[in-house]
Every structure is written in C-alpha cells, then in structure tokens.
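Student: Structure in structure tokens, see below.
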Amino acid sequence: MAASPLPPPDPRFVLRGTQSAVHALHFFGGAQGQGHPLLLSGSLSGLVHIWSLQTRRPVAILDGHQGQCVTWLQTLPQGHQLLSQGRDLKLCLWDLAEGRNAVVDSMHLESMGFCRSSVLTRGQGKWMLAMPGSGSDEVQILEMPSKTSVCTLKPEADAKPGMPMCLELWQAESSPRPLLLAGYEDGSVALWDVSERKVCSRVACHTEPVMGFGFDSQKARGVSGSAEKALAVWSLDEQQALQVCKTHELTNPGIADVKIRPDRKILATAGWDHRVRVFHWRTMKPLAVLSFHSATVHCVAFATDGLLAAGSGDQRISIWSLYPISSDSSTSSLGHVEHREVGAHALA
Amino acid sequence: MMAVFDTPEEAFGVLRPVCVQLTKTQTVESVEQLQAQLRAVSDSALQELQQYVLFPLRFALKTPGPKRECLTQSVVECLTFVLSSTCVKEQELLQELFAELSACLYSPNSQKPSAVSEELKLAVIRGLSTLMHSAYGDIILAFYEPSILPRLGFAVSLLLDLAEREKSKQIKIAALKCLQVLLLQCDCQDHPRALDELEQKQLGDLFASFLPGISMALTRIITGDFKQGHSIVMSSLKIFFKMVSFIMADEQLERIPQVQPKPAVGHRVAELVVHREAKWVKNTSDKLTLLIKKIVECVAVHPHWKARLALIELVEALLLKCSGSLVSSAGPLLKALVGLVNDESPEVQAQCSRVLRHFADQKVVVGNRAFADILSESLHALATSLPRLMSAQDDQGKFSTLSVLLGYLKLLGPKVNFVLNSAAHLQRLSKALIQVLELDVTDLKIVEARRWNSDGLSASPEPMAVQPWSRMQKRYFRFFTDERLFLLVQQVCRLLGFYGDLYLLIDHFLELYHESVVYRKQAAMILNELVAGAAGLEVENLHDKHIKPSPKELREIVTSILEEYTSQENWYLITCIESEEVGEELTMKQSGLQAIASGAHTYQGASFPAFSKPSATICSMNSNIWQICIQLEGIGRFACALGKDFRLLLMSALYPVLEKAGDQTLLISQAATSAMMDICHACGYDSLQHLISQNSDYLVNGISLNLRHLSLHPQTPKVLEVMLWNSDASLLPLVADVVQDVLATLDQFYDKRATSFVSVLHALLAALAQWFPDTDDLGQLQEQSAGEEGSHLSQTPAIPEKGLENTTTAEDIEQFLLSYLREKDVADGNVSDFDHEEEEQSDPPREDESDTGPDIEPPLPVQVQIATDVMERCIHLLSDKNLKIRLKVLDVLDLCIVVLQSRKNQLLPLAHRAWPPLVHRLTNDDPLAVLRAFKVLRTLGGTCGDFLRNRFCKDVLPKLAGSLVSQAPVSARAGPVYSHTLAFKLQLAVLQGLGPLCESLDLGEGDLNKVADACLIYLSAKQPVKLQEAARSVFIRLMRVDPDSTWFLLNELYCPEQFTPPHPRLHPVQLRGTTGQGSPYAANVLRLLQELQ
C-alpha cells in the first residue's frame, strides 16, 4: 500500500455549460439566509453564469457585456449586488436580490487592458473602487456608489512601470488609510497610499508582467505570479516598504491568477500549463498539482468554506475540495495541511 | 287461536274445572286440559288468575313421592306458559317458584343433577329462564339478596354442569342462555332498566362468590373440543367476559371499602359472601390470568371465524373495563388482539382493526403506563424468541408470530422508542429481523441469467406501474417461503421507521451493514424499508399526533445511506465469472451472426454443469447480485420517499443506477431499470429517456471524472453509451465536452480497453447520425444501406429511360441515332456552346457552398468535428489485431461516413487515409470483416463515388471478382447447409453490394464488364437461389447503367429467340448464346430480359 502512489486528486465536480472560456470566478457566500452558496462565472462570450452549488446547475445567466469577455466579478457586502467588469469597457452593477438580475448602474472604463478592478468596503453602504484609469499607466480611485472620483494614481514620470495589471485595495487593521497594491506590466509591485496619492514603495518581482497576486494583510505578505516561470513572495515591513522574500520556481511558465484561501492556510495558482497548483502559504511548500483541465486555467477562487474553483479555456469550471477548513481556525489545521501531502506525488 | 275469554270472571269459569281436576288427579292429560283452556284466556285475565292457576301446578310439583317424569315435564311446560304470559309481582312467589323449578333437576339427596330425561331438563331450563324474565320491576333486584346465595349458587352450578356435561347441544345452549339471564347479563330487549352504581356494586358483591366456579367451568367449556361447535364457545366467551368485566370492573372495585360491612344474613350465608378488597382482587386476578391465557391461546386458533370474532369482543371488554384489575392479563389479551390483525377472515380483520383504532383513540395503551410497559416487555420477549421461532416454526406459525410483532408495533406507536432506546432491546429486535430476512443464495439461475440485448434501455420505457414498488423481484429466503411473510416483515420495518427514532435506527442498521457481509443484504433491506416507513409510505398510522421527519432531515439520511450503497466496496462487486473481455463478447450486438452467439451459449453452459453443486464462489456471486439488487431497490424506495426532493440527489445517484442498468446480470439490470422507473415517478419525469436527458449534465460529470480512473470504473463507457442512446441533439455541447475526455482516454488505453470505447464511439456516431440527418442524401443513403432488390425499380427513375420502353417506334430510333451522333461528336472534341451550357446547368448546386473563400474558414459544426475526430481514431483501429474491435470499428467508420457525407472537405482526406487499411480488410481479412468492410465500401461509394472509382477498380474489384469466380464452383456444388457458412454470406454480400456500387461509382465499361463477367456464373440455376437473386440484382443495376451491352451479354449467354431482321436487306443476326431450353442460365436470363423489354 505504501508503495503504490495515491491516485491523483479529482475535482469534487465539474460545471459545464458556459460554452465559452471561463475568465472570472467569484463565490457568493449565500449569506443573509439566502440558502445555498452560489458561484459566479464570467465567460469569454460576455455572459455571467450564476451557479447553484447545490444543484450544480446555472440558476441565472446575466448578459450585460455585449458579447465581450467578462474579466472580473465581485459581490458587494450589502444587498445582493454584483460588480462585473467586461472587455466592452463597462463596469456593471447588478441587483441580484430576490431573483432579480438587472443592471442598476454601469460605468465606462477608459482602459483596454486586462487589469481587474478592486473594491474596498468603507461602511455605511459606501465603498471604494480602484480601476484602471484613462492614461495607460494610471489607476483611478472612486468613491461609490456616488461615483465621485477620489484621485488618479499616476506613477512618477521616470518610473515607467507600464500598465497596471492587477489591483488590490486594502487597509491595515491599525490605520483606516486605504492602501492600494498594484502589479504592473514591467513585473513590479507597488504600494500606493491612496490619500496621499503617492507610491510608498515599489519592488521589482518579475521580469514579465504581473498577472495576478494574492495578499495577506494580516501577515503583510503577498505572492505574485507572472508570465515567467516563478512565483514571487514579498512582504511589507513596518515602514511600508515592499521587499521580495523569496521566489518559487515552477515547472512551466505562466500564472494567470493567484488566490490565498480566506483562512490564509493555502494558496492556489492558475497555470497556463492547464494546471492548478496548491501551496502551503506559510512555507510555500508545494502541496498538490491539480490536473484536470485541457486548456489554460484563467482564474481560481476560494469559497469561505474552503471550496476551490478553477475556470479554464476548456469551458469547464472544476470544483475541488482539498484540505477541509477545520471549524476552529487555530493553528491545528495548519499542521493538518502539512501532514496530508495529498498531491505531492503529482508535482512535476 | 284467539283469546276468547277476556274478563277474569269468564276465564275463571272456564279454568276452575280443569284446575280442580288437576288438583285431584295429577295426570299428564289434566295438565294438557288446563293448558288447552289457558290458550283461550287473554293475558290480562290470566294475570288476575295467576296465583289460582299456578296453585294446582305447583301442587303437582310439590306432591311428595315418586313422580313420573312426563308429568313433571308437562307441568313445567304449562307453568312456563303461564309465566310467559304474566308477570310475577311478588317477591315470595318468585323465590318459591325459583326453588321449585330448580328442584326438579336434582334429587334432594345429592347435589348432582338427577338422571332425568333431556326433555325435562330443557323444559326446566326454559322455565327458569322464563321465570326470571317474568319478574316484575324491582322485585328482581330484591331477589338478589345475600340470602338467596345458596339457592342461586345451586342453580348456577346446575346450569354450568349442564352446559359442560350434557351431550345435547340444545341443552348446552339453553343452559348457557339461562345462566346469562340468571346473572342479569341477558341482552334481550324486555329486560329491566340499567342498574345504578349501588345496585351494580351489590350485584357485583353477590356474583363475586360465583366467579371462581363460573370462570373455571366456562374455561373448561371454551377450551374443549373444537367439534362442540362455535356457538357454544361464543356463548361461553360472552358470559365469561360479561361476568369478569362486571365483577372485576375497575369502576366498581375503586369504590369497595377496605373493611367489610356486617352482612345482614345468617352465619352460614355470610360465609359465602365475598368482600372484593385488594387482596381478593389480586388473587382472583392471578387465577383469572391463567384462565385467560388458556382461553386466548385456544380460541385464537379456533377454526371458526365467529369464535375468533368473539375473542376480540372479549379482549376489548376486558381491556377497556378491567385495565387496572386485570393488568397481569393485558399481555396475553393484547397479544391475542394483535395476532388477529392479519386474520384470514376479513370480518375478524376489520373488527380487530376497529378495536385497535378505538384503543389508539382512547389512548388505552399509550395513555396507560402499565400497558405500555407490558407491551414493551412482550415486544422484548418476542424479539428474544423471534430468531428461534423463525427457524423452528412453520410458515403459518411464523406468520402469526410476525403478525403479533406487527400488532405490538402498531399499538405502541411512538412509544416504541422506549423499547428501541434500550440497547439490549434494539439489539434483539435487529438481530431477529436480520435473521428472518436471510436470503437463500444457492440458486444457480441468478448468476446465469444474462441480459442479451445490450441496449434494452434505449427502447421506449414500459408504461409506468400504478404503484411504483408493486413490481418486486422474487426473492428466496432461507427461513420461509410464504411471500406474505416478507410483506409482514416489510410492514414491521416500515412501522419502525415511521414511529421509531430514525437516526438511531439508521445508525444501528448501517453499523450492522458494515459489520459483516453476512448481515449486509438484510440490513440494506431493512434500511430501505425504514426510510420508506419514515416517509409514511403505506404505513397505517393509528396515532394521530405523530410528527414525521422533515424533508431535509430525511434527505440527509438518505444521502448518507446512498453514499454507503454506492461506495466503491459496496457497489462494485464481483457478479460474474467471465472476464470483462468475454462479457463484452456476450453482449456484443450480433446482427445475424448466430454461429458466434450459440458458441457463447455452449461455452457458458459448460462452465456450470447442471449436476454440480453450487460452489462457494457462485454463492458469493449470488449474494453480491442480491446485494446490488437490494441497494438498487433501495434507491428506488428513497426516491419514492423523497418525491421531488430526490432531484437534488440525482447528481450522485443517477450515475451508479445507470451503470447497473447496463449490467450483464439480468437481475441487476432489471432492478436498476425498476429503480429508474421509481425515480422517474418520484421526480416527475415522463420517461426514462426524459430522466436521462434532463440529467445528462450530472451523468457527464460522473463519466468524465470516472474516465480518469478507468481501471477502477470499467463500466464508465457503458453509462455514456446508455446516455447517448437516450439523449437528443440539444445535448450536443455536453456530449462534445465528454467526447474529448473519451478520446483522450482512448488514446491512453488503446491496448486494454479499446473494446468498450469502440462501442461508445459506435453509440456516439449512431446518435449523431440520428440527430443530424443529412436531408439531401438521406433517401439515397437509406436505399443504399437497405440494399434490397426490387424496391429500386419502382422508386428510382431509370436513367436511360428509352432503354426500358416497351415498344420501339421509328421516332425512337431516330432520336437514338441523333443522340448517338451527338455523343460521337463530343467524343471527338467538337463541343458546341449549347452543350456546354447544359453541362454547367447539370453541375451540382452544392459546389459553390464549399467554395466560400478558403481564407475565412468558419468553425466546423460540433458534430462534424466529433465525427472527424472519431474517424481519425478509426483509421488507427482498423488494423487492430482483435477481430471484434475491427468489426466494430468498421461499423463506426460506416457511421462516420454517414455523418460526414455532406462535408466532402473533411471526409475525402480522411477517406483517403482510411483507404489502405480498408482495402486490407476487404481483400485480406476474416470473412466477417470482409462483410462489414464491404458495407462500408458501399456507404462510401454512395457518398463519394468519384473519389472511390479508380481506387475501387484498381485495389478491390479484381480481388472481389476473383473470389466470386473462384467460389462459384464451390457454391454450385454445395448442399443446403452451405447457406449457413460464412463463405456463402460473403458471396451474397458481395453480389448484393456490387450492383449499387457499380451504379454509384459510375464505373467505366471495362470495369462493368469485369463485374458482369464475375456475376454471370451466378445466374446458373445450379447456384443457391439467394445467390441467383443477388446476381440478378447486379444485372438489373447494370441494365440501368448500360442496357445495351447488358442485353447483348445476356443474349450471348442464352438466346431465347431467333432474330429476324426488320428489313430483308439487313443481315440476319446470330448471337452466341445457345437456344436450347437445357441451358442452366435460361430461367434467370429470361427473367432479366423481360425486365429489359
């Protein structure tokens, strides 16, 4: 028994029916007694599918991007509202409450790039939105839902980081000042202080554009993936200076998306090599290579209960249940992760 | 006779002489005279003269000295007559008459009834009865004073004695009736008013003295020989329970003071008086319990239903009125009651159910702690002895035992949890159930029964049964054969599920399911019924306030059981000896190849010689088969239990069920189909097809995940196959998705699993061909594949119409010559503009479709993409070393061509690549493969003739022609058996196929001649008839392509007539064909020539 390798892990189940490549995924927790959790997926053909994870079937299909690829999906904490960003240069706000699915508001985007937007909740129904701006290297910050522009973050003239590729708005627990992490085309990651409109720190992580990153605000540590063959782990010190801690070499180049699980125990990457890789977040130890898809994996997403979803160019969404989140979120589950090296055999 | 004398005076005048006469001479005659006169007196007059008339009669009775019996009898009868017409109004008279009548039956010396005639006994009994009825108003109550005790006692014991010992049934019945009257329990109309509490108590005190005697005597009568008849038993039972429920009534006993009041009677009588205080009650109750037990045991099996019905009455009365005093008898009483629930007599059943329901309504059991305890105890005792009873009793005994068990559960209702909550009780009960349900797994047929039609499911489902689970597979149990027993156990389990703590029960039986393979099947059966019961399916609920589990709870429970059932180790069991490969062979669709099929049969027969004992492995395989069947049945039950809610479980349940629907073991596939029907029914799908197509996404999910571990899930391709047979075009995207997985897996497992994959590909392409029929070419294609002769001539417009016309006119000849000249011109290169135009017009209009700009290639339709992908694989697999795979691949290839027929751009390059291996199949393979390859060739010829023409003529035709020529002498010589050989089939197929091929390939003259030459020999009458027919079909086709040369060729072979030139200046024509009738070709050539004219 010990000699025979464990069979490669299988997805819990697979969602089919988008009939086009999947580019964005987002779990919708089914909070407020709405019952079963939902998964939202955005496809190349411009449709947003709302999947019931109970029946594993779409409950609704939203068509609001004129057949252009949907790149980003995010629900807002209050109300059943959904933001979707499409390559038709539109950001749509949907009302999903009580089975409705109508666009209640939309905004025009200036940038043709691939950069996904980011949202930070500010309380009292207010939230802040970061999205690629009109200038190719700019990031625009808006106060929502009033759509008042807060500022435009433009790198200094000599920096030339290229287009922003991925954004994350956040705020440290100690201070209410909103901060923005942005990955750029030149492979660097920058930390902006939004209120002061200046770059706090910038560090070159990759030689290729940053395709996605995950950030753990508690540990002030992040991990980014790019078109190249490595993951970069970087951290933020007290002076809010970014520095690269280490890089992790991969077998195949190209990471389309990186997500850290809400319990900050593991992270998953979406690979151009059709695979999803799972790492231990603290040690960056590779845990599993999930091979199921037959085309580039474009996006990954974690649900609060630990479910992992991966969307791919092969038009399928695979749902994985890997290392169950233990009910108490103490360190015990961490040891659990280290002991169960399910997929280590499959590392190539 | 009418009363004549209405007034007392008149009556007196008449009666006086006869009364005087009687007083003087006490003879039968005088009594009769009196009686005759009495009849003429009205009742009211007689009432006035009652004492007067009675005097001589009583005097006659009291006269000392020996009397003749007949006199006594007539006196008693006369007395009875008077009493029946009048009332006794005086207390003293009543007592005296009572004493005098009683005295007639026993001699003063002994207390035994004297040896008198039966007639006298009957007369006295009737007299007593009439006397008691004639007592007027309250004097009857005054009669029952303690002082009467001795006399009453004598009478009672006398009557009991008569009832017990007399031979005459009439006397017995009369004695019992009289006893009933005497004890004031008569149920006739004209009886005194209802008694008040005090009166009841007094009477109760009085009668209590007789209780021991009465109850024991009656018990002896009741438990006597069945032959005495049911009416005696019924009457005795009635008196028994009336007495007991009167004397032991809780209502009365509650009011009995502890200290006995001083009775106002003499010492001797006082001794007889009973005080019903607690101790007496206890003693009496104990003794009664013994008697009741005896009675119940005896009457419960009484052959007459009315006796059993009376028993129910007894139980009801005693349990309702004496629940406190007779608590120790409750056990046997309840047992008797519940045991009769399933009585064979519908009247008894109905009454029993009524009483049970009444009890439940009154909360007799549930509301009574003691009863509930007794029932729990009884249930436990029964559970303990159940295993022993089940192995020792015969079916009838088992039936009643299980009926009792069922009845207990019904009565206990929700209180059954008291029993279940005790681990020991639950253990007993479950062990017993498990033992009862043990299956007999030695039957050979179970393993042997095979499903031959591998795509049975694709056929339209049979009409749904009204009751989903009414169709049950016949099971054989080790410990019983009566099917009713299983139904009882089923009901028991359902009731448990309905009333019991479901979580506790499910946990317990799941544990047993895990514990040992010995218990597994039974535990699964029980689990199935528990769930069905929990949902209230076919459960008779006696307890109205019972809360059922919520749908969500039930769903969660079902989910966990389903997980167990369908887990790797419980679902994928070994059920047949044959390896996968042999199994495949057996289920392979063999259209017309009986040789192979029968071979498989004999092989199988040889593996299980009929005389050998079933081996251990067969038993274990049987056991496995049953386990799977039971689990499948369970899934059906769960669906019924959950209803529409089961839809949420389809994602995990449908795939395994479908997997089993394709199983080769008949029983399993039947069970799976039936489970699917249940699912359809429960979830609201109209048909199996609907069910499958609506849930294809779930199936595809399972299929695609299982394909990743094919060695663990070898059945996966089968499921896909079944799904494909039942899907429609709307599922194409899903199918396309999973086909990618299939092809990827096939590429990975070329060597090992090709067989099952090829059949999937076959199903896939067949589905595609059906979903996307090519409307342009369909008619033609069907005709091609039908390949039958005869129909063609009528359907297809013959191309050279002129050749087939009957009469040749001068204009025809002119036309012919003109066109001949024109064609000759064209052949020489003199092409006119006019001709050119015409040629362009005749171009197929489809041409420009494929010419739309080579630079922008529109994406291929999915079905075309799939077909090209599959055809690609077929090219590789065509040369597989396994013949069966080659055969199947040829079928798939055939279908690929059909699907791609209008897509020449895709088809032709693939056909080009497929050609070399196909030629190899045609020319250098097993005859079976040649046959199939030839079929492919025909399809291909029908689709792309131009492409095929040269290749066919170069690579194939010479070989085919050669083999036809070389085989001809063989078939000409062969006997009738030859038509069963492959060589014959090959010849036939080639001959049948050549005609359409020649036509569709538009072969040149030289090649047509080759075909004709090869086929001519088969026109010989020496060839088998079928081959002759086929050869004729070739020539009919040839006639259409080139009528003239065919005509010539046929005439060269056999020339039926001399040709006279139309004009004497022309040369006479002489053809080479012989004209003699003896030619073997004569018949066929003649028929063909007739077609030509």
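Student: Place a point 7 Å from Cα of B:A392 in the direction of its Cβ. Which residues in the stretch B:478-522 have their backbone N less than 14 Å from it?
Tutor: Correct set: none at all.
Student: So what's the net charge close to B:L1038: Lys and Arg +1, Asp and Glu -1, counting the other residues with Cβ under 12 Å from its Cβ?
Tutor: Spelling it out: positives minus negatives among the neighbours equals -3.
Student: Compute the Cα gyration tensor for the stretch B:926-1092, then decide on rounded, prolate or oblate, letting a ≥ b ≥ c be the square roots of its eigenvalues: rounded whenever a/c is under 1.5, prolate when a/b is larger than b/c in the other cases, and oblate in all that remain. Could the numbers behind the result be given before it?
Tutor: Details: a/c = 2.62, a/b = 1.39, b/c = 1.88.
Taking the square roots of the gyration eigenvalues as a ≥ b ≥ c, the stretch B:926-1092 is oblate.
Student: Other chains' Cβ within 10 Å of B:701-708 residues: what's the mean?
Tutor: 4
Student: Here's another thing I want to ask about it. Can you compute the label reach from A:K147? Point 7 Å from Cα along the Cβ direction, backbone N cut-off under 12 Å, restricted to the stretch A:82-110.
Tutor: A:91-93, A:104-109
Student: Using packing as a proxy for protection, rank A:168-180, A:251-263, B:309-321 so that the peptide with the highest average count of other Cβ atoms within 10 Å comes first.
Tutor: B:309-321, A:251-263, A:168-180
Student: With a point put 7 Å past each Cα toward its Cβ, work out how far B:A370 is from B:S117 in nm, to one decimal.
Tutor: Each label point is offset 7 Å from its Cα along the Cβ direction, giving 5.3 nm.
Student: Once amide H atoms are placed 1.01 Å from N in the peptide plane, what residues at a sequence separation of 5 or more from A:H23, or on another chain, have their amide H within under 5 Å of its amide H?
Tutor: For A:H23, the qualifying residues are A:G42, A:S43, A:L44.
Student: Ordered by packing density, taken as the mean number of other Cβ atoms within 10 Å over each peptide's residues, highest first, how do B:967-976, B:1080-1089, B:524-533 rank?
Tutor: B:524-533, B:1080-1089, B:967-976
Student: Taking R0 as 22 Å, what FRET efficiency do you get between A:R100 and A:S321 from their Cβ-Cβ distance, rounded to the nearest 0.05?
Tutor: Taking R0 as 22 Å, the efficiency between A:R100 and A:S321 is 0.10.
Student: Go through the stretch B:616-684 and name the chymotrypsin sites (Phe, Trp or Tyr not before Pro) that are in a DSSP coil and have 11 or fewer other Cβ atoms within 10 Å of their Cβ.
Tutor: none
Student: Can I ask one more? Label the stretch B:652-750 by shape, choosing from rounded, prolate and oblate, from the square roots a ≥ b ≥ c of the eigenvalues of the Cα gyration tensor; if a/c is under 1.5 it is rounded, and otherwise prolate applies when a/b is larger than b/c, oblate when it is not.
Tutor: Verdict is oblate for the stretch B:652-750.
Student: Continuing with the same structure: Starting from the Cα of B:H1063, step 7 Å along the direction of its Cβ; do the same at B:D1013; then give the gap between the two resulting points in nm.
Tutor: Between B:H1063 and B:D1013, the label points sit 3.6 nm apart.
Student: How far is the Cα center of the stretch A:253-277 from the Cα center of the stretch B:157-189, in Å?
Tutor: Spelled out, the Cα-based centre of one part sits 98 Å from the other.
Student: Within straight cross-link reach of A:K246, meaning Cα distance under 21 Å, which lysines are found once same-chain residues fewer than 8 apart are removed?
Tutor: Counting by Cα, and skipping residues close in sequence, A:K246 has these lysines nearby: A:K219, A:K229, A:K259, A:K265, A:K285.
Student: While we're here: Which of B:K884/B:K935; B:K169/B:K306; B:K169/B:K335; B:K279/B:K335; B:K335/B:K363 have a Cα-Cα distance over 22 Å?
Tutor: Result: B:K169/B:K335; B:K279/B:K335 exceed 22 Å.
Student: On to the next question. Take the Cβ-Cβ distance between B:A983 and B:S711 as r, set R0 to 56 Å, and report the resulting FRET efficiency rounded to the nearest 0.05.
Tutor: About 0.85, to the nearest 0.05.
Student: Residue separation times 0.36 nm, minus the C-alpha to C-alpha distance between B:E197 and B:A424: what's the value?
Tutor: 77.0 nm
Student: For B:K644, which lysines qualify as cross-link partners when the Cα separation must be under 18 Å and same-chain residues fewer than eight apart are set aside?
Tutor: Straight-distance partners of B:K644: B:K548, B:K552.
Student: Once the Cβ-Cβ distance between B:S44 and B:Q91 is put in as r, and R0 is 25 Å, what FRET efficiency do you end up with, to the nearest 0.05?
Tutor: My answer for the efficiency is 0.65.
Student: Arrange B:K121, B:K904 by Cβ neighbour counts within 10 Å, fewest through most, would you?
Tutor: Exposure proxy ranking, most exposed first: B:K904, B:K121.
Taken together, the values in this text are just the output of simple stated rules run on the coordinates, not laboratory data. This one's a predicted model, so the numbers in the text were calculated from it and none came from an experiment. Every residue, glycine among them, receives a Cβ derived from its backbone with ideal geometry; neighbour counts consider all protein chains shown.
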